[in-house]
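The values are calculated or read from the model by the stated rules, or taken from the named source; none is laboratory data. Not measured: the values here are computed from a predicted model. Counting neighbours? That spans all protein chains shown, and the Cβs are built from the backbone with ideal geometry, glycine included. Ligands, DNA and RNA are excluded from the accessible area calculation, which covers all protein heavy atoms including side chains. Shrake-Rupley method; radii C 1.70, N 1.55, O 1.52, S 1.80 Å.
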Amino acid sequence: WLLLLCIAVARGWGGLGVNYGTVADDLPTAARSVELLRAAGAGAVRIYDANADILRALAGTGVPVSVTVPNDAIPSLAAAASPAAVDEWVARNLAPHIPAARVLCLLVGNEVLSDRATAGTAWPSLVPAMANLRRALSARGLGRVKVGTTLAMDALGTSYPPSAGAFRDDIAGAVVRPLLEFLNATGSYYFVDAYPYFAWAANHRSISLDYALFQGEASTHYVDPGTGLTYTNLFDQMLDAVVAAMARLGYGNVKLAVSETGWPTAGDADELGANVHNAATYNRNLAARMAKNPGTPARPGAEIPVFLFSLYNENRKPGPGTERHWGLYYPNATWVYEVDLAGRRPAASYPPLAPTPPAPDQDGTPVWCVLAGGGGEAANETAVAAAVEYACRQRSGTCAAIEAGGECNQPDTLAAHASYAFNAYWQLFRKAGGTCYFNGLAEKTTIDPSKLLLPPFLVINRFEFF
């Protein structure tokens, strides 16, 4: 307990931690899940709430656990006039499980500063809520539980080259500086969600896939012109951008941890590189690398706790297909691919992986967003109609062509109009983060919809959207 690491491991434990998400309707029990964590050699676990069943399953195992405070609870926990509410949260959610469960870190919120809709509520409340929770923990004799929060890479306004790393102007002074002051004063960590997959996928023509997967040759390495440091992989490059950003605000010594990283095993038609081969390569190489405590070029030898995302594929997560395909295990408790999170297993001892699937030409292959399954009898007409209404009201004129008398009104069916509306919305907003999901009602296809006997307007409007 004297270590300042939020996921300092108990004797006999080592290796990467794992994020245990539960946005699914088909997962094994908490007790079985803990068995699977141990089978994978996980050094710790993070949960996304204070799930009592999971905390009870962890009791007596010695497995370090980080618990997350939901984002929507942050404003109430920050209110200076309600210390009783903060103590009640700790009393209800944590105190009953300690010390049986080894709770070493309380993470207040998840990627709070990525949600600009909460700029006026959760953002200014973040550090006050953290401070209040720390006081409540100390008052109950639980001061050894470190308090932190998780931030995505989009907290940085500049990340390339790494030495130029800087936080976004809208949060640097108002939120991040007091956050770093709190972390520095309490010996806690800056937790970052760092996904080389997304950085590579968005720049796959300029970033080597091998560089992203920890297996790049010297020709793929990158030398930072500001520091002269050589980077052999994209993961280190991303972490050192965060290090530089912290130093720019005067807190270059705050310790760094990785709250989420990983690689998806599947995705939609336009999600390049999301496959089992790449995911297994990334996570196996990461585990072997972190077992040696290499640090980063800017912080050689530094201990950096790392959590992989995630334990399971979670079938109810919204968004693109990759969101539901990060798991080490399928919900039936079988491996998606084998990995030793302790990083001790020789690469040659793993079963052979299937060959890497051929990569589609992401920039040249048209992709449509259509009603899933063609809108068969199983489709919920009320839900589809609501989704169409949502898509059409996001921008004036989006669905003018399918209105009465419009050039694409025929066939005048809900299924045909839904496919048009979903595609129109997605093509307009995809670059701004819009998704082809609509609560599971939509799907992407690279097959010309006319060949699927879908409405002809999708072909007529092809060049309008691509």
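Only four residue types carry charge here, +1 at the Cβ of Lys and Arg and -1 at the Cβ of Asp and Glu. Report the dipole size of segment 182-314 about the Cα centre in Debye, rounded to the nearest 20.
Working: 7 positive and 12 negative charges, 96 e Å.
For this selection, approximately 460 debye.
Which length gain, in nm to one decimal place, applies between Ala24 and Ala164 when the Cα-Cα distance is subtracted from 0.36 nm times their residue separation?
Working it through step by step, the gained length comes to 46.4 nm.
So if I place +1 on the C-beta of Lys and Arg and -1 on the C-beta of Asp and Glu, and nothing else carries charge, what would the dipole magnitude of the chain be about its Cα centre? I want it in debye, nearest 20.
Working: 34 positive and 40 negative charges, 375 e Å.
That gives the chain a dipole magnitude of about 1800 debye.
What relative contact order, as a whole-number percentage, does segment 17-349 give when Cα pairs under 8 Å and 6 or more residues apart are counted?
Contact order relative to length: 18 percent.
Could you pull the accessible area for Thr158 with a 1.4 Å probe, rounded to 10 Å²?
60
Pop the C-beta distance of Asp412 and Thr446 into the FRET formula with R0 = 25 Å and round what comes out to the nearest 0.05. Intermediate results must be reported in sequence, preceding the final value.
Details: r = 27 Å, r/R0 = 1.09.
The computed FRET efficiency comes out at 0.35.
Taking all pairs of distinct Cα atoms, average 1/r, flip it, and tell me the Kirkwood hydrodynamic radius of the chain in Å to one decimal place. Don't jump to the answer; show the numbers that get you there.
On the way: mean 1/r = 0.0420 Å⁻¹.
Evaluated on the chain, it is 23.8 Å.
Give the ranking of Asp340, Asp236 by solvent-accessible surface, highest area first, calculated with a 1.4 Å probe.
Descending accessible area places them as Asp340, Asp236.
Subtracting the Cα-Cα distance from 0.36 nm times the residue separation, let me have the gained length for Ala385 to Arg92 in nm, one decimal. Can you show the working numbers first?
Numbers: separation 293, 0.36 × 293 = 105.48 nm, distance 4.14 nm.
Difference between extended and current length: 101.3 nm.
Putting +1 on Lys and Arg Cβ atoms and -1 on Asp and Glu Cβ atoms, find which of Asn283, Pro178, Ala404 reaches farthest to the positive end of the dipole of the chain.
Pro178
Amide H of Gly157 versus every other amide H placed in the peptide plane: which residues, excluding those fewer than 5 positions away on the same chain, fall under 5 Å?
Amide H to amide H, under 5 Å and 5 or more residues apart or across chains, Gly157 pairs with Ala166, Phe167, Arg168.
What fraction of the Cα pairs in segment 116-198, stated in percent, has a spacing above 15 angstrom?
Tail of the P(r) past 15 Å holds 64 percent of the pairs.
Can you compute the modelled spin-label distance between His204 and Tyr330, with each label point 7 Å from Cα toward Cβ, in nm?
The modelled label-to-label distance comes out at 2.5 nm.
Quick check: the angle from helix 276-290's long axis to the longest principal axis of the chain, C-alpha only, nearest 10 degrees?
Computed tilt is about 20 degrees.
Between 0 and 90 degrees, rounded to the nearest ten: what's the tilt of helix 234-248 against the longest Cα principal axis of the chain?
With rounding to tens, the tilt is 60 degrees.
Rank these by accessible area, largest first, 1.4 Å probe: Arg430, Arg140, Arg205.
Heavy-atom accessible area, descending, gives Arg205, Arg140, Arg430.
Rank Leu239, Leu27 by accessible area, highest first, at a 1.4 Å probe radius?
Leu27, Leu239
With the contact rule set at Cα under 8 Å and sequence spacing of 6 or more, what percent relative contact order holds for segment 56-153?
Relative contact order of segment 56-153: 38 percent.
At 1.4 Å probe radius, can you tell me the per residue accessible area of segment 15-83 in Å²?
Accessible surface, normalised per residue, equals 36 Å².
Report the accessible area of Arg116, computed with a 1.4 Å probe over the heavy atoms of all protein chains in place, in Å² rounded to the nearest 10.
Result for Arg116: roughly 150 Å² accessible.
Round to the nearest 10 and report in Å² the accessible area of Asp154, as given by a 1.4 Å probe over the protein chains' heavy atoms.
70
Looking at the chain, how many pairs of lysines come closer than 23 Å at the Cα, when each pair is eight or more places apart or spans two chains?
Number of lysine pairs found: 5.
What's the center-to-center distance, using Cα atoms, between segment 149-199 and segment 284-307 in Å?
19
If the chain between Arg144 and Arg395 were fully stretched, how many nm would it gain, using 0.36 nm times the residue separation less the Cα-Cα distance?
85.3 nm
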